[in-house]
Amino acid sequence: MGLIGSSKSKEIKLSFEDILVSKTDINGRITYGNDKFMEVSGYSKEELIGTPHNIIRHPDMPKVIFYFMWQSIKRGRNIMAVVKNQSKNGNYYWVTTDFDIQKGRTGEIRNYIAFREPTPRKVIKEIEEIYRVLLDIEKDKGMDGSIEYLELFLTEKGMSYNEYIEDLAKPTSFREKILHRMKSFC
């Protein structure tokens, strides 16, 4: 159990080999999920397809993180994010997400593919504290307050959110090769 969350929920431990993949349309509705994504989320294919991706959003996740993600991918720019998701039964799992933005022949965005891998414990420990602060700020000052705090935090570090997460959760070269190969098949 992490620093944030209900004592009733349990963490789903993902193994190093687990890669969860989902594909959404430009509005965030799920159009595909690999078997591991469905297994870990606890939802069937029928329950997931056509559903907004936020069906697996954990309440411990600050809205500002999704704001940053959507701002980036809607502009056609990849972003890496650390996310705490919630399964159908209320349990949770931490993943580091990397996106592939698929475009049509004329450059318009057609859909987004998210590749998720287990987040290392050291990353969870650091990110939980930041996310807790952001949640508290969102409750008190709303989304604008959390955006301001996160931007100041990142400015002090001299990096963007994406750079911060990439630095924090540096994937191993082996993992990078696997994810790169998976992206090439999509």
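Coordinate-derived values only; no laboratory data. Since this is a predicted model, take the numbers as computed values, not measurements. In this analysis, Cβ positions are derived from the backbone assuming ideal geometry, glycine residues included, and neighbour counts consider all displayed protein chains.
Mean separation of Cα pairs under 8 Å and 6+ residues apart, divided by the residue count of the range 20-185: what relative contact order is that in percent? The partial results should precede the final answer.
On the way: 227 pairs, mean separation 33.7, N = 166.
It rounds to 20 percent for the range 20-185.
Give me the aspartates and glutamates in straight-line cross-link reach of residue 141: C-alpha distance below 19 Å, same-chain residues under 8 apart excluded.
Correct list for residue 141: 60, 129, 151.
Counting only GluC sites (Glu not before Pro) that are in a DSSP loop and have at most 16 other C-beta atoms within 10 Å, tell me the longest site-free stretch of the chain.
Values: sites that count: 17, 108.
By the stated rule (loop sites, at most 16 other Cβ atoms within 10 Å), 18-107.
Given the Cα-Cα distance of residue 11 and residue 155 and 0.36 nm per residue of separation, how much length would full extension add, in nm? Could the numbers behind the result be given before it?
Working: separation 144, 0.36 × 144 = 51.84 nm, distance 3.20 nm.
Working it through step by step, the gained length comes to 48.6 nm.
Could you work out how much longer the chain between residue 126 and residue 148 gets when fully extended? Use 0.36 nm per residue separation minus the Cα distance between them, nm to one decimal.
Numbers: separation 22, 0.36 × 22 = 7.92 nm, distance 1.95 nm.
Length difference between fully extended and current span is 6.0 nm.
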